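First comes the structure, then the notes that go with it.
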Amino acid sequence: MTDGLFFRETLYPGVQVSYACDSILYQDRTEHQDLVLFDNPVFGKVLMLDGVTQVTSADEFIYHEMMAHVPILAHGAAEEVLIVGGGDCGLAEEVLKHGSVRRLTQVEIDSSVVEFSKQHFADFNAPVFDDDRFDLVITDGADFVARTERRFDVVIVDSTDPHGPGAVLFSEDFYRGVHRCLKPGGVLVTQNGVPFLQRQELVDGMARLSRVFADATSYVAAIPTYFGGHMTLGWASDDAGLRQTPVATLQTRFDAAGFATRYYTPEVHAAAFALPRYILDAVELGRNRA
């Protein structure tokens, strides 16, 4: 055990969140970011990039299930899926549970994150690397969506927060790139932070998405790792009906998909779009600034 060692979260000014470290499993300065993986007695393996918590082995299933299954089951016929970011490949593992998905393309800027995740998070991502539908592309995500001739039913942006290399993935130009490579009726889902502590991030995100898509909003999930209450996941589509898919329809699609979940249910899916007032206020403020 590494006595007295704590890793401090650096994301929230005025708030200190830190994790006790039982042992450091991996630490490196890559071309793009500082990376550390360590064991915590509550959250298990904890991955931090540039001092910001990305994923833990104890609760990754909540974030990844809600990012993957909500857009795919709302869409109902997603065959081509794009993930931008998501180097730990936990999101890819959830997407590939859907037999309807013919190809999953994952664009990640930092190959070293994928390589070390392959080694250290095999407990949840091992099936990804044996699946012929998985297509990993190491490149800049913003450049990819601006140039690709491929078209996707669902795009999921599993990014860091809007600082450093992840900032471009919150820009209006990036969202326009996503829009151009979505098929008609497609949907974009994004990571939009914890609005109790990152309200402006949500307001700005909703403003930018609303300038590009006919329907932009958020849905929520309660993820213990991400301190500060509900986490918001951005939702954008030109089909406003997708987020109003009836529970009965979601249940039929979920049953047909034939896999078990630990957080997601069709009822939770529908309820996630019922936003607490303070979050809805931020969403509406962003829309009004579009």
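The values are calculated or read from the model by the stated rules, or taken from the named source; none is laboratory data. Being a predicted model, the structure only gives us computed values, none of them experimental. Counting neighbours? That spans all protein chains shown, and the Cβs are built from the backbone with ideal geometry, glycine included.
Rundown of residues vs (1) assigned to a strand (DSSP E or B); (2) surrounded by 18 or more Cβ atoms within 10 Å (Cβ to Cβ); (3) outside the structural domain of Ala271 (by TED's automatic domain parsing), yes/no style:
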residue: Tyr19; (1), (2), (3): yes, yes, yes
residue: Leu25; (1), (2), (3): yes, no, yes
residue: Asp28; (1), (2), (3): yes, no, yes
residue: Asp39; (1), (2), (3): yes, yes, yes
residue: Val42; (1), (2), (3): no, no, yes
residue: Val46; (1), (2), (3): yes, yes, yes
residue: Met66; (1), (2), (3): no, yes, no
residue: Ala74; (1), (2), (3): no, yes, no
residue: Thr105; (1), (2), (3): yes, yes, no
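Assuming Ala240 fulfils every condition listed in (1) closer than 23 Å to Tyr263 by Cβ; (2) among the aliphatic types (A, V, I, L, M); (3) out of contact with any Leu (no Cβ under 8 Å at 6 or more places or on another chain) apart from one, which condition is it?
Status for Ala240: all satisfied but (1).
Name every residue in the stretch 45-74 that is more than 20 Å from Glu9 (Cα to Cα) and touching a Gly at 6+ places or on another chain (Cβ under 7 Å), in order of residue number.
The answer is His64, and nothing else.
Quick check on the stretch 258-268: of everything there that is loosely packed, with under 15 Cβ neighbours inside 10 Å and under 12 Å from Glu94 (Cβ atoms), which residue is nearest to the chain's Cα centre (by Cα)?
Once the filter is applied, the top-ranked residue is Arg262.
Could you list, in sequence order, all residues of the stretch 150-203 that are surrounded by 24 or more Cβ atoms within 10 Å (Cβ to Cβ) and within 12 Å of Trp235 (Cα to Cα)?
Of everything in the stretch 150-203, those that are surrounded by 24 or more Cβ atoms within 10 Å (Cβ to Cβ) and within 12 Å of Trp235 (Cα to Cα) turn out to be Val154, Val155, Ile156, Val157, Tyr175, Gly186, Val187, Leu188, Val189, Thr190, Gln191, Asn192.
Considering only residues that are of a type in the set (A, V, I, L, M) and in contact (Cβ under 8 Å) with a residue 60 or more places away in the chain, look in the stretch 234-267 and name the one that is nearest to Arg211 (Cα to Cα).
Of the stretch 234-267, the ones of a type in the set (A, V, I, L, M) are 236, 240, 242, 247-248, 250, 256-257, 260.
This time we only want the ones that are in contact (Cβ under 8 Å) with a residue 60 or more places away in the chain, so: 236, 242, 250, 257.
Values: Ala236: 11, Leu242: 19, Leu250: 29, Ala257: 34 Å.
This residue is Ala236.
Out of (1) of a type outside the set (A, V, I, L, M); (2) in a strand (DSSP E or B); (3) under 24 Å from Asp28 (Cα atoms), the odd one out for Pro162 is which?
All conditions are met except number (2).
For the stretch 76-98, which residues satisfy the criterion of being under 21 Å from Arg150 (Cβ atoms) and assigned to a loop (DSSP other than H, G, I, E, B)?
Matches in the stretch 76-98: Gly76, Ala77, Ala78, Glu79, Gly86, Gly87, Cys89, Leu96, His98.
Pick from the stretch 225-275 the residues that are of a type in the set (S, T, N, Q) and assigned to a helix (DSSP H, G or I): which of them is nearest to Val46 (Cα to Cα)?
For the stretch 225-275, the residue satisfying everything is Gln251.
Taking only pairs six or more apart or across chains, which ones have beta-carbon atoms under 9 Å, a first residue in the stretch 138-150 that is closer than 20 Å to Gly186 by Cβ, and a second residue that is outside any helix (DSSP H, G or I) and among the acidic types (Asp, Glu)?
Gly141/Glu108; Arg150/Glu80
I'm told Thr105 meets every condition in (1) under 17 Å from Val36 (Cα atoms); (2) at pLDDT 90 or above; (3) of a type in the set (Ser, Thr, Tyr) except one. Can you identify the failing condition by its number?
Condition (1) is where Thr105 drops out.
Select, from Ile83, Ile109, the only residue that is among the aliphatic types (A, V, I, L, M), over 20 Å from Met66 (Cβ atoms) and in contact (Cβ under 8 Å) with a residue 24 or more places away in the chain.
Among Ile83, Ile109, only Ile109 is among the aliphatic types (A, V, I, L, M), over 20 Å from Met66 (Cβ atoms) and in contact (Cβ under 8 Å) with a residue 24 or more places away in the chain.
Yes or no: the stretch 138-155 includes at least one residue that is more than 18 Å from the chain's Cα centre (by Cα) and acidic (Asp, Glu).
yes
Six or more apart or on different chains, Cβ under 6 Å: which pairs go from a residue in the stretch 43-55 that's under 21 Å from Ser111 (Cβ atoms) and in contact (Cβ under 8 Å) with a residue 40 or more places away in the chain to one that's assigned to a strand (DSSP E or B) and not hydrophobic (A, V, I, L, M, F, W, C)? Could you list them?
Leu47/Gln54; Asp50/Asp34
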